[in-house]
1. Kindly indicate which of Arg76, Arg62, Arg112, Arg37 is outside any loop (DSSP other than H, G, I, E, B), basic (Lys, Arg), in contact with a strand residue (DSSP E or B) (Cβ under 9 Å, 6 or more places away or on another chain) and over 22 Å from Val16 (Cα atoms).
2. Inside region 39-80, can you point out the residues that are within 20 Å of Gly25 (Cβ to Cβ) and of a type in the set (A, V, I, L, M)?
3. Would you call Met208 at pLDDT 95 or above, farther than 28 Å from Thr154 by Cα and hydrophobic (A, V, I, L, M, F, W, C)?
4. Name the single residue, out of those in region 1-19 being at pLDDT 90 or above and in contact with a helix residue (DSSP H, G or I) (Cβ under 7 Å, 6 or more places away or on another chain), that is least open to solvent (accessible area, probe 1.4 Å).
5. Among the candidates Gly245, Gly238, which residue alone is under 30 Å from Glu183 (Cα atoms), of a type outside the set (D, E, K, R) and over 23 Å from the mean Cα position of the chain (by Cα)?
6. Of all residues in region 52-63, count the ones that are open to solvent by 40 Å² or more (accessible area, probe 1.4 Å) and at pLDDT 95 or above.
7. So which residues in region 131-174 are aliphatic (A, V, I, L, M), touching an Asp or Glu at 6+ places or on another chain (Cβ under 7 Å) and farther than 23 Å from Met225 by Cβ, if there are any at all?
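The values are calculated or read from the model by the stated rules, or taken from the named source; none is laboratory data. Since this is a predicted model, take the numbers as computed values, not measurements. Here Cβ is always computed from backbone atoms with ideal geometry, including for glycine, and neighbour counts include all displayed protein chains. Accessible surface areas use protein heavy atoms only, side chains included; no ligands, DNA or RNA. Shrake-Rupley method; radii C 1.70, N 1.55, O 1.52, S 1.80 Å.
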Amino acid sequence: MPDHPSPPTVTHRRMVTEDMIDHLGHMNVRYYGECARAGSAAALERAGLDADGLHLLDVYTRHHREQLVGASLAVRSSVVDVDPDRAGLRLHHELVNTDDGSVAATFVHRFRAGDDAGSDTPNGAVDPDAVDAALGPATGVPEHGRPRSIAIDTALTPPPLAVVRDRGLARRLERTVTREECEADGSVRWDAMPMLTWGGEPVDGREMEHLHQGPNGERMGWATMETRITLHRRARLGDRIQAFGAAVDLRDKTTTHVQWAYHLDDAEPLVSFQDVNLAFDIGARRAMSIPDRLRRREERTLHPDLGGAG
């Protein structure tokens, strides 16, 4: 790592508009992700890398500060590292409010040649010298972008399908991957990957509540603090899949969940999704203790041994 790293490259700009605001009164997490993906696309193009040949396999997001209507945002991008076999790389992005200079969110994107994490990959897909010239030397993940709760330097190891079935952890009914989720070649689009765990009918017929009432009349919602999504294998049109999930950590103000989608024909995992959510008092715009009713609900699906990093 250089003694004096180059400043990050601005790769994307955007303003927060009314249609980007969610039920908590701030920019929805979806748009943080869109900004980061636009930053990655621009960074790969600057480095002369083939975006069609490199696949986004792992995305870590840390939310630092909420963004409101009218905020002017910029994505600043840098290189974390290039894989030793030159078949992939990781990028770091920080989403910055250019009005006050504060960091809204940070991201680590891992790209790899090949369709999924286990594919054979060609040496030389990434030229470190070209990346260095376009984006500056690799600097690792800056301290303010390091995770608070979710590991990013270890692989995710989903439990076997039989384990989550035996524990009754199904979140969604069995379903088939649809044309709307796929590229022209039949593979699932990256932006549709989260829907492998979120999409489909809930097993109990009820969607998760977004808003709750606290013990003192507070309007409470869950604010996402950190997420990591990892692609284990690319799903395709017509695949039979099912999503499962569990709480793996529960604290005074936060809860951590992991969700997994599996291919039902061979029982192999397709995607893992981790998230850390904060009980958020919407009126006071601050964290609050998780109400007892919601804590009891979380405890019913608490399985700390299924955290999955290792």
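1. On inspection, the qualifying residue turns out to be Arg112.
2. Leu68, Val69, Ala71, Leu73
3. no
4. This residue is Thr11.
5. Step by step, each of Gly245, Gly238 is checked, and only Gly238 is under 30 Å from Glu183 (Cα atoms), of a type outside the set (D, E, K, R) and over 23 Å from the mean Cα position of the chain (by Cα).
6. 1
7. Ala138, Leu173
Residue-by-condition table, conditions (1) open to solvent by 60 Å² or more (accessible area, probe 1.4 Å); (2) in contact with a helix residue (DSSP H, G or I) (Cβ under 7 Å, 6 or more places away or on another chain):
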| site | (1), (2) |
| --- | --- |
| Ile21 | no, no |
| Asn28 | no, yes |
| Ala36 | no, no |
| Ser40 | no, no |
| Asp50 | yes, no |
| Glu66 | yes, no |
| Gly70 | no, no |
| Thr106 | no, yes |
